[in-house]
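Colleague: Got a structure for you, questions after.
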Amino acid sequence: MSQKGSDKFKYGLLKAIDVSGFKVFDPVVRLIFAEEPRKQIQDIAKYMLLPIIFCLVCFFMWDIIGPRHKTKSGEVPSPGKVLEAAKDATRFKQREGEKEAAFVAEGKDREALLADSKKKLTEFEEKTAELQELSAAAAKSGQNKIDASLNPIKEKYDTLKAKYKTAQTERKEAISTLADQFANKQASKDELIAAMEEDSLQKESEKEELKVLSQQLDDIRANPPKEIKEAQLAANKAADEVQHYKKVIDILTTGNREVKKNALLEKAEKAEAALTVATTGAEAQKQAKAVVSNKDKAGKADEQKFPKAATIYWQTYRSLATVFVGFLIAVLVAVPVGIMCGLNRIVMACLTPIISIFRPVSPVVWLLIFQIIVGAFFPDPDKHWLFQTMNESKLLPGFIHNLQVNPAMIFSACTVAMCALWPALVNTALGVSSIDKDHLNVAKVLRLGFWSRLFKIIIPASLPLVFAGLRISLGVGWMVLIAAEALSSSDGLGKYVWDEYQNGSSQSFANIILACFVVGIIGFFLDRIMIMLQKLVSFDDGSATA
Amino acid sequence: MSFLEIKQANVGFGPVSNRTEVLSDINLKVEENEFVAVIGFSGAGKSTLMNLLAGLQRPDQGSVTVKGQLVKEPGPHLGLMFQNYSLLPWLSVFENIELAVKTVFPKLSKSERRENIMHYIDMVKLTPAAEKKPHELSGGMRQRASLARTLSLQPEVLLLDEPLSALDALTRSELQDQILNIWEKDKRTVVMITNDVDEAVLMADRIIPLTIGPQATLAEEFRVNMERPRDRHTLNDHPEFMRLKAEITSFMMGLNKESKANANSSSTSMPDIKPKDFSLPSARLDFRNRKAKPSGSRSVA
């Protein structure tokens with residue numbers, strides 16, 4: 001009985017793996033249940049280990065080749081640097097969170113946070129001092145190393161320079177005597193010209209030689225030994241933390257919402273006290289006004305939010321929301337229109353020219369068109385009801401306010417919708433028009449009405465193809481989104497990449513590659529989710545899946 | 001007036017200039033609770049004839065009537081059982097039948113409906129597989145589910161379009177028995193299309209051959225005057241069965257020859273051999289004693 005139970009569990013697990021599209025792990029599960037271990041181990045070696053090894057080889061090559069390629073924004077970052085960038089991004093997010101917490105903390109929480117932050121500050125100050133010392137020591141010992149490699153070349157450079165200088169003056173003198181001789185008709189014109197040419201050639205070659213040496217010197221200076229760099233980096237990081245906690249303490253003591261509010265209320269109280277003892281009408285009016293305005297300000301301070309900086313996490317969240325909205329619009333348009341196309345050949349004939357012409361249009365063009373057309377609906381976005389509701393309405397949960405919906409996001413979502421529309425539409429039309437004739441005959445025999453025919457027969461029968469189309473649509477949408485965000489500077493991964501590119505530092509290069517991985521991994525998971533849905537709706541045991 | 005009647009029906013396909021008449025001058029009368037088999041070669045237009053009866057196709061000329069009413073469109077009273085099951089693959093057996101029952105008898109209460117559905121599933125002996133999806137079933141089980149769905153419509157006429165031609169011989173004979181059993185318990189008018197002479201003789205009251213198309217038409221009928229219930233095991237010894245089978249087979253072969261001769265004047269002459277049963281009567285007896293179910297119709301080829 002237990003054997004049977006475990007078998008049931010095993011096959012359930014295998015099916016779940018299959019549906020979720022991770023069939024690679026099939027032999028692992030079978031191995032765990034001790035089913036033909038030899039075969040499973042072979043399968044694991046073939047279909048899991050080899051691919052892993054291949055990926056590792058690729059990373060290894062990247063690690064070797066990347067840093068050798070020098071670009072305007074420094075060398076191509078190695079995998080390690082990208083990982084470092086990911087860690088930095090996470091730390092950045094944490095810091096923003098800490099700052100926000102400091103901003104909103106109230107009463108005892110604030111005091112506790114303050115004490116904690118002060119403790120951390122001293123901790124990091126000590127650490128920074130230590131690290132800076134280490135860094136200085138490393139710089140010193142490194143300097144010796146640099147000097148050791150620098151000095152011989154420098155010496156060579158100096159001696160050569162001196163030598164060439166004397167040679168040059170010598171040649172100059174020789175030419176001037178030759179010129180005098182020419183004036184006295186003791187030398188020919190050709191001799192003088194030849195000497196002049198010889199001189200300029202010499203000069204050129206000497207300059208070249210010196211340039212090579214100075215380049216070598218520059219290279220050595222520009223690339224200090226690794227340990228100096230690392231020590232400096234560690235010290236800088238600690239110093240960053242110090243800066244951060246100073247900022248947190250600053251927020252806790254002065255910038256904090258409650259602190260500000262209390263200060264304003266105090267002012268109001270003072271004004272009220274002054275009002276009670278006011279003797280002149282003008283004075284009374286002034287104090288009364290102060291009471292009202294300070295109370296008003298205090299009330300507003302309560303609602304204030306901390307202006308968080310954009311982290312890659314938030315950008316990813318916003319990108320996902322944008323692609324979701326765009327995809328949803330695409331589905332809501334494409335599926336009904338696709339069904340109509342599939343059901344009625346006249347509708348299909350009417351729409352075919354439109355589909356054929358607009359499908360190949362580039363997302364960039366759509367974005368610009370939407371910026372003009374949809375932009376006309378929000379001449380003054382700050383006061384438009386849509387953005388006011390999305391960003392301020394109390395009815396909506398915080399995670400929607402967090403999106404900070406703006407026109408650029410709407411344009412990006414519309415562009416995604418426009419580009420994701422076509423595959424879904426075409427596939428839905430195909431799915432509906434290629435329904436088995438027998439199924440339609442069943443509907444006829446049962447005399448189903450239009451709606452039950454639609455919902456009981458047509459839609460279920462075409463679902464596998466519809467979902468195949470939706471899967472393509474989501475993939476297209478995600479790809480288009482990144483480009484649209486970069487171009488419309490709507491906050492999201494696309495804008496992140498674009499900003500980092502504009503930044504142009506070596507660190508930002510690593511951030512771009514980090515974003516590349518984030519985009520890829522999210523795209524992969526979106527696709528997997530769609531495959532899963534597609535498998536769940538396909539009724540003939542997965543034959544409809546690609 | 002007959003229960004089911006086709007009068008001088010013609011069906012054709014293609015443009016007027018190049019029209020192919022599939023069926024021409026079809027006349028058929030079926031009495032109430034009669035079991036009629038239409039037998040014909042593949043491609044003769046059998047399925048077109050069935051579509052005509054089911055109302056899926058209107059005749060170009062002539063008429064199809066049931067109980068005197070003109071058949072204009074398909075409906076649940078014309079219970080068509082499709083050749084390739086036509087179960088909806090995204091629904092389980094139960095849900096497939098439920099869809100039919102819900103649509104045709106919308107007034108039933110939930111429990112009544114459930115009882116009704118289970119009754120038909122039980123009738124075709126599919127109770128253990130009620131919750132299974134069609135792709136999890138064998139061909140025979142699918143056809144049984146399809147039969148249950150058709151029966152659940154409680155049709156006035158049961159139209160069976162080559163219901164068993166996609167099944168293997170053993171499953172086939174089992175299903176033949178089941179259909180006959182159900183029909184005998186719950187009599188109704190049946191028109192079955194088949195290409196199997198044994199099947200037709202075993203099951204039908206009348207057998208009507210369909211000549212080879214184009215312009216196929218119904219030929220002279222053969223009446224099966226055998227008492228029911230018919231036992232397939234003793235049938236091979238039944239003189240009437242042997243006679244009918246031989247007659248129909250030779251008639252059909254004749255049709256085939258004729259059409260071949262029409263299509264192509266150089267016909268191949270066949271050797272003059274008559275099929276014969278070589279097995280010993282005692283051996284056949286043994287079979288029965290072992291309670292095996294030989295597909296009797298096949299043992300005499």
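The values are calculated or read from the model by the stated rules, or taken from the named source; none is laboratory data. Since we're looking at a predicted model, the values are computed, not measured. Please note: Cβ atoms are built from the backbone with ideal geometry, for glycine as well, and neighbour counts cover all protein chains shown. The accessibility values were calculated without ligands, DNA or RNA, using every heavy atom of the protein model including side chains. Shrake-Rupley method; radii C 1.70, N 1.55, O 1.52, S 1.80 Å.
Colleague: Would you confirm, using the coordinates I've provided, whether A:S434 is among the polar types (S, T, N, Q), assigned by TED's automatic domain parsing to the domain that holds A:W478, more than 30 Å from A:R318 (Cα to Cα) and out of contact with any Leu (no Cβ under 6 Å at 6 or more places or on another chain)?
Modeller: Answer is yes for this residue.
Colleague: Out of A:V442, A:V476, A:V432, which single residue is away from every other protein chain (no Cβ under 14 Å), part of a helix (DSSP H, G or I) and open to solvent by less than 40 Å² (accessible area, probe 1.4 Å)?
Modeller: A:V432
Colleague: Something else now. Would you say A:D302 is within 30 Å of A:G492 (Cα to Cα), out of contact with any Ser or Thr (no Cβ under 9 Å at 6 or more places or on another chain), exposed (fewer than 13 other Cβ atoms within 10 Å of the Cβ) and among the charged types (D, E, K, R)?
Modeller: yes
Colleague: Would you pick out the residues in the range B:117-138 that are within 25 Å of the chain's Cα centre (by Cα), open to solvent by 20 Å² or more (accessible area, probe 1.4 Å), more than 14 Å from chain A (Cβ to nearest Cβ) and on the phi < 0 side of the Ramachandran plot?
Modeller: B:M118, B:H119, B:D122, B:M123, B:T127, B:S138
Colleague: Looking at (1) buried (at least 23 other Cβ atoms within 10 Å of the Cβ); (2) touching a Lys or Arg at 6+ places or on another chain (Cβ under 8 Å), which one does A:F467 not meet, given that it meets all the others?
Modeller: Of everything listed in (1) buried (at least 23 other Cβ atoms within 10 Å of the Cβ); (2) touching a Lys or Arg at 6+ places or on another chain (Cβ under 8 Å), A:F467 misses just condition (2).
Colleague: Okay, moving on. So is A:E100 under 29 Å from A:N511 (Cα atoms) and surrounded by 15 or more Cβ atoms within 10 Å (Cβ to Cβ) or not?
Modeller: yes
Colleague: Can you pull out every residue in the range A:191-211 that is open to solvent by 80 Å² or more (accessible area, probe 1.4 Å) and modelled with pLDDT of 85 or more?
Modeller: Those that are open to solvent by 80 Å² or more (accessible area, probe 1.4 Å) and modelled with pLDDT of 85 or more: A:I193, A:M196, A:E197, A:E198, A:L201, A:K203, A:E204, A:K207, A:E208, A:E209, A:K211.
Colleague: Related question: Please tell me if B:S146 is part of a loop (DSSP other than H, G, I, E, B), open to solvent by less than 60 Å² (accessible area, probe 1.4 Å) and under 29 Å from B:F3 (Cβ atoms).
Modeller: Answer is no for this residue.
Residues are listed down the side, and each one gets a yes or a no for (1) closer than 24 Å to B:I97 by Cα; (2) over 24 Å from the mean Cα position of the chain (by Cα):
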{"site": "A:P379", "(1), (2)": "no, yes"}
{"site": "A:L396", "(1), (2)": "no, yes"}
{"site": "A:F411", "(1), (2)": "no, no"}
{"site": "A:A417", "(1), (2)": "no, no"}
{"site": "A:A420", "(1), (2)": "no, no"}
{"site": "A:V445", "(1), (2)": "yes, yes"}
{"site": "A:P460", "(1), (2)": "yes, yes"}
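Colleague: Using the structure shown, decide if A:I512 is touching a residue at least 12 places away in the same chain (Cβ under 8 Å), open to solvent by 20 Å² or more (accessible area, probe 1.4 Å) and either closer than 30 Å to B:A54 by Cβ or not assigned by TED's automatic domain parsing to the domain that holds A:W422 (or both).
Modeller: It is false that A:I512 is touching a residue at least 12 places away in the same chain (Cβ under 8 Å), open to solvent by 20 Å² or more (accessible area, probe 1.4 Å) and either closer than 30 Å to B:A54 by Cβ or not assigned by TED's automatic domain parsing to the domain that holds A:W422 (or both).
Colleague: Just give me the residues in the range B:163-203 being open to solvent by 10 Å² or more (accessible area, probe 1.4 Å), part of a helix (DSSP H, G or I) and small (G, A, S), in sequence order.
Modeller: Hits for the range B:163-203 are B:A169, B:S173.
Colleague: Here is a further query. Report yes if B:L70 is open to solvent by 40 Å² or more (accessible area, probe 1.4 Å) and either more than 12 Å from chain A (Cβ to nearest Cβ) or among the aliphatic types (A, V, I, L, M) (or both), otherwise no.
Modeller: Taking the combined requirement at face value, the residue satisfies it.
Colleague: Still on this structure: State the number of residues belonging to the range A:144-158 that are under 12 Å from A:R221 (Cβ atoms) and in contact (Cβ under 8 Å) with a residue 60 or more places away in the chain.
Modeller: 5
Colleague: Consider B:M50 carefully, then state whether it is within 23 Å of A:R453 (Cβ to Cβ), out of contact with any His (no Cβ under 6 Å at 6 or more places or on another chain) and either open to solvent by 50 Å² or more (accessible area, probe 1.4 Å) or assigned by TED's automatic domain parsing to the domain that holds B:N10 (or both).
Modeller: Against the criterion (within 23 Å of A:R453 (Cβ to Cβ), out of contact with any His (no Cβ under 6 Å at 6 or more places or on another chain) and either open to solvent by 50 Å² or more (accessible area, probe 1.4 Å) or assigned by TED's automatic domain parsing to the domain that holds B:N10 (or both)), B:M50 qualifies.
Colleague: Another question about this same structure. Restricting attention to the range A:445-464, and to residues there that are within 13 Å of another protein chain (Cβ to nearest Cβ) and among the aliphatic types (A, V, I, L, M), which single residue is surrounded by the fewest Cβ atoms within 10 Å (Cβ to Cβ)?
Modeller: Ranking the qualifying residues of the range A:445-464, first place goes to A:I459.
Colleague: Return only the number of the condition from (1) within 23 Å of the chain's Cα centre (by Cα); (2) more than 14 Å from chain A (Cβ to nearest Cβ); (3) over 19 Å from B:N181 (Cβ atoms) that B:S111 does not satisfy.
Modeller: Tallying (1) within 23 Å of the chain's Cα centre (by Cα); (2) more than 14 Å from chain A (Cβ to nearest Cβ); (3) over 19 Å from B:N181 (Cβ atoms), B:S111 fails exactly one: (1).
Colleague: Kindly establish whether B:I26 is touching a helix residue (DSSP H, G or I) at 6+ places or on another chain (Cβ under 8 Å) and part of a strand (DSSP E or B).
Modeller: Judged against the criteria, B:I26 is a match.
Colleague: Please pick out the residue among A:F25, A:F54 that is open to solvent by 60 Å² or more (accessible area, probe 1.4 Å) and under 17 Å from A:M532 (Cα atoms).
Modeller: From the options A:F25, A:F54, the qualifying one is A:F25.
Colleague: Scan (1) open to solvent by 20 Å² or more (accessible area, probe 1.4 Å); (2) in a loop (DSSP other than H, G, I, E, B); (3) in contact (Cβ under 8 Å) with a residue 60 or more places away in the chain for the single condition B:L56 breaks and write down its number.
Modeller: That leaves (3) as the condition not met.
Colleague: Then there's this: Taking A:S490, is it crowded, with 20+ Cβ neighbours inside 10 Å and assigned to a helix (DSSP H, G or I)?
Modeller: No.
Colleague: Inside the range A:1-82, counting only helices (runs of 4 or more DSSP H) that do not spill past its ends, which hold 3 or more residues that are over 24 Å from the mean Cα position of the chain (by Cα) and in contact (Cβ under 8 Å) with a residue 12 or more places away in the chain?
Modeller: By residue number, A:2-19, A:26-32, A:37-44.
Colleague: What number of residues within the range B:74-101 satisfy the criterion of being open to solvent by 30 Å² or more (accessible area, probe 1.4 Å), more than 9 Å from chain A (Cβ to nearest Cβ) and either free of Cβ contacts under 8 Å to residues at least 24 places away in the same chain or among the hydroxyl-bearing types (S, T, Y) (or both)?
Modeller: Within the range B:74-101, residues that are open to solvent by 30 Å² or more (accessible area, probe 1.4 Å), more than 9 Å from chain A (Cβ to nearest Cβ) and either free of Cβ contacts under 8 Å to residues at least 24 places away in the same chain or among the hydroxyl-bearing types (S, T, Y) (or both) number 2.
Colleague: Examine the range B:32-42 for a residue that is open to solvent by 20 Å² or more (accessible area, probe 1.4 Å) and aromatic (F, W, Y), and state whether such a residue exists.
Modeller: Looking for residues that are open to solvent by 20 Å² or more (accessible area, probe 1.4 Å) and aromatic (F, W, Y), one finds at least one in the range B:32-42, hence yes.
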